[in-house]
Amino acid sequence: MTGEAPHKGALVIACPPDVAAVAEGFRRGYIGAGFCPGGYGYVIKKVVGLPGDQVTITRQGVSVNGEAIPNSTPRTTDTEGKSLHFRETAYTLGTAQVLLMSDYSPRSFDGRYFGPVNQIAIKGVLRPVFTMVFSAKSPG
């Protein structure tokens, strides 16, 4: 962890919101157990939206202030054929909200499904030293 304040483009470790989509993701194994509200584990995602930003989610993908987020097309099913739910919507992030997503994995379980996160849920900004992509189970 760097000690930096969260900013757009930062990789952060955070608690996911305690919402129905995260509860379902937990039941399916997309999120592990941990110390976050609801008993969920931390997620590591990139900050793609900050307070005041305009977020649009459509079948084609997610955009923030009109700029498309790469690899953000919501999936309708996971790799096991189970339905994934997203809602086509447009909203402005509130004064304490951020949007956390992956811009490299089209299979990421992130803000396109569970929505914005309160900034207080961010535990720290990370600086990758060595990275590899892996997942025991993912929605895509």
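Numerical summary
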| quantity | calculated |
| --- | --- |
| Projected label distance in nm at THR89 and HIS7, using a 7 Å step from Cα toward the beta-carbon | 2.9 nm |
| Mean separation of Cα contacts under 8 Å, 6 or more apart, over the residue count of region 27-100: relative contact order % | 32 percent |
| Highest-first arrangement of 21-31, 76-86, where packing means the average Cβ count within 10 Å | 21-31, 76-86 |
| Pairs of lysine residues in the chain - Cα separation under 22 Å, sequence separation of 8 or more or cross-chain | 8 |
| Alpha carbon centroid spacing (whole Å) that separates region 1-41 from region 57-130 | 12 Å |
| Per-q log10 I(q)/I(0), region 11-126, q = 0.11, 0.20 Å⁻¹ (Debye; single scatterer per alpha-carbon; no solvent) | -0.31, -1.11 |
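Rule-based calculations on the coordinates, nothing more; no lab input. Keep in mind that this is a model prediction, so the values were computed, not measured. Every residue, glycine as well, gets a Cβ built from its backbone with ideal geometry; the counts of neighbours run over all protein chains shown.
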